[in-house]
Amino acid sequence: MGDGLVLGGAVTGLLLAFDRIEADQPVVAALFAAVGVALGAWWARLRSARPVIGLLRRGAIGFPMLALLVTGTFVGLSYFLLPFYVADVLDRGAATTGLAMVFFIGAVAVCSPVSGRLADRLPGNLLGAGGLLLVVAGLLSMLTLGPDAGLLDIGLRLAVTGVGQSLFGTPVNASIMAAAPPDMLGTSGGVGNTARTLGFTVGPAIAALAHGLGGGGATGFRTGVVVLVVLQVTGILALLAAGRGRRAAGAEDVR
């Protein structure tokens, strides 16, 4: 209970900081950010946080957790950037966004079983990094959308990101569970879900901030997309670092 309140307060502080930055109130934003960081530091000193901190210090777990966190921000595209682009630039209704998301959901549904089978045969971190490359490709293709873009233009780009997301999630979660100590499997799963949920939570706020700083409209949309691309690339680098750390640990065990 106490952990939830402290972490919840930290996340709330950071979200309010994003909101105040967008409202052009930097001093208030800095205060909220300081509160969020202070609460996060307080949580890290709690006795109940020690098992989680110990897990995250393992490269084979900490780096994939970081990837889950930063790549979860992808939802900023569908929850904020795309609806505003459709409404402000394309001058269309919410139905266009909803129908376009069907392409994304359909791609995830079709490719998820394939992702599971591949995760049983290939290194999870490398497969997840490959999935994120497709997400990056789909996001970058959003930059080519014009003012006359139609449902199919948006939907096909979302389908590419959906395939990438399906190839990312299952292998990365499997690699985390494989690297976790047997007595910490439940904790590992819970921390992974928390990291992904935090990404989902701050993703729209980050996208909104980038959209506002970009001046809104098509320029704001592209600014937000570029920021999300940078975060996905960070996830790729984290997964590659996790794979390198695991190989180094294996070589050390052999010696």
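Is segment 89-96 home to any residue that is in contact (Cβ under 8 Å) with a residue 12 or more places away in the chain, closer than 30 Å to LEU240 by Cα and not aliphatic (A, V, I, L, M)?
The answer is no; no qualifying residue exists.
Test of understanding: among ARG20, ARG47, which residue is within 30 Å of GLY220 (Cβ to Cβ) and modelled with pLDDT under 85?
Values: ARG47 fails: within 30 Å of GLY220 (Cβ to Cβ).
Only one candidate passes the filter, namely ARG20.
Can you find a residue that is assigned to a helix (DSSP H, G or I), within 25 Å of ALA107 (Cα to Cα) and in the same structural domain as GLY116 (by TED's automatic domain parsing) anywhere in segment 211-221?
Keep residues of segment 211-221 that are assigned to a helix (DSSP H, G or I), which gives 211-213, 217-221.
Subsequent filtering for residues that are within 25 Å of ALA107 (Cα to Cα) retains 221.
Filter once more, so that each one left must be in the same structural domain as GLY116 (by TED's automatic domain parsing): 221.
Looking for residues that are assigned to a helix (DSSP H, G or I), within 25 Å of ALA107 (Cα to Cα) and in the same structural domain as GLY116 (by TED's automatic domain parsing), one finds at least one in segment 211-221, hence yes.
In the list LEU68, LEU31, LEU55, which residue meets the criterion of being among the aliphatic types (A, V, I, L, M), under 27 Å from THR170 (Cβ atoms), out of contact with any Pro (no Cβ under 9 Å at 6 or more places or on another chain) and surrounded by 15 or more Cβ atoms within 10 Å (Cβ to Cβ)? First the steps, then the outcome.
Details: LEU31 fails: under 27 Å from THR170 (Cβ atoms); LEU55 fails: out of contact with any Pro (no Cβ under 9 Å at 6 or more places or on another chain).
When all the criteria are applied, what remains is LEU68.
For segment 23-44, what are the residues that are at pLDDT 80 or above and not in a helix (DSSP H, G or I)?
Answer for segment 23-44, where residues must be at pLDDT 80 or above and not in a helix (DSSP H, G or I): just GLN25.
Under 7 Å between Cβ atoms, at least 6 apart or on separate chains: pull out the pairs that start in segment 62-83 with a residue that is within 21 Å of VAL52 (Cβ to Cβ) and assigned by TED's automatic domain parsing to the domain that holds GLY199 and end on any residue that is basic (Lys, Arg) and part of a helix (DSSP H, G or I).
Short answer, once both residue conditions are applied: LEU68/ARG196; GLY72/ARG196.
Restricting the search to segment 187-201, which residues are among the small types (Gly, Ala, Ser) and either surrounded by fewer than 15 Cβ atoms within 10 Å (Cβ to Cβ) or at positive phi (or both)?
Within segment 187-201, the subset among the small types (Gly, Ala, Ser) is 188-190, 192, 195, 199.
Scanning segment 187-201 gives GLY189, GLY190.
Go over the candidates THR234, THR219, THR161, THR194 one by one and state the one that is of a type outside the set (Phe, Trp, Tyr) and at pLDDT below 90. Before the answer, list the steps.
On the way: THR234 fails: at pLDDT below 90; THR219 fails: at pLDDT below 90; THR161 fails: at pLDDT below 90.
Just one listed residue meets the conditions, THR194.
Return the residue satisfying two criteria in turn: it lies in segment 149-172 and is free of Cβ contacts under 8 Å to residues at least 40 places away in the same chain and either β-branched (Val, Ile, Thr) or out of contact with any Ser or Thr (no Cβ under 8 Å at 6 or more places or on another chain) (or both), and of such residues it is farthest from VAL108 (Cα to Cα).
Residues of segment 149-172 that are free of Cβ contacts under 8 Å to residues at least 40 places away in the same chain, as a first pass: 150, 152-153, 157, 164.
From what is left, the residues that are either β-branched (Val, Ile, Thr) or out of contact with any Ser or Thr (no Cβ under 8 Å at 6 or more places or on another chain) (or both) are 150, 152-153, 164.
Working: GLY150: 21, LEU152: 17, ASP153: 18, GLY164: 8 Å.
Step by step, filter segment 149-172, then rank; the result is GLY150.
Condition first: over 20 Å from ILE176 (Cβ atoms), polar (S, T, N, Q) and crowded, with 16+ Cβ neighbours inside 10 Å. Now tell me which residues in segment 202-241 satisfy that.
Scanning segment 202-241 gives a single hit, THR223.
Sort out for me the helices (runs of 4 or more DSSP H) sitting completely within segment 91-186 that have 2 or more residues that are in contact with a Cys (Cβ under 7 Å, 6 or more places away or on another chain) and either loosely packed, with under 15 Cβ neighbours inside 10 Å or not β-branched (Val, Ile, Thr) (or both).
In segment 91-186, the matching helices (runs of 4 or more DSSP H) lie at 151-179.
The values are calculated or read from the model by the stated rules, or taken from the named source; none is laboratory data. Bear in mind that the values here come from a model prediction, so they are computed numbers and not experimental data. FYI the Cβ positions are ideal-geometry reconstructions off the backbone, even for glycines, and counts take in every protein chain you see.
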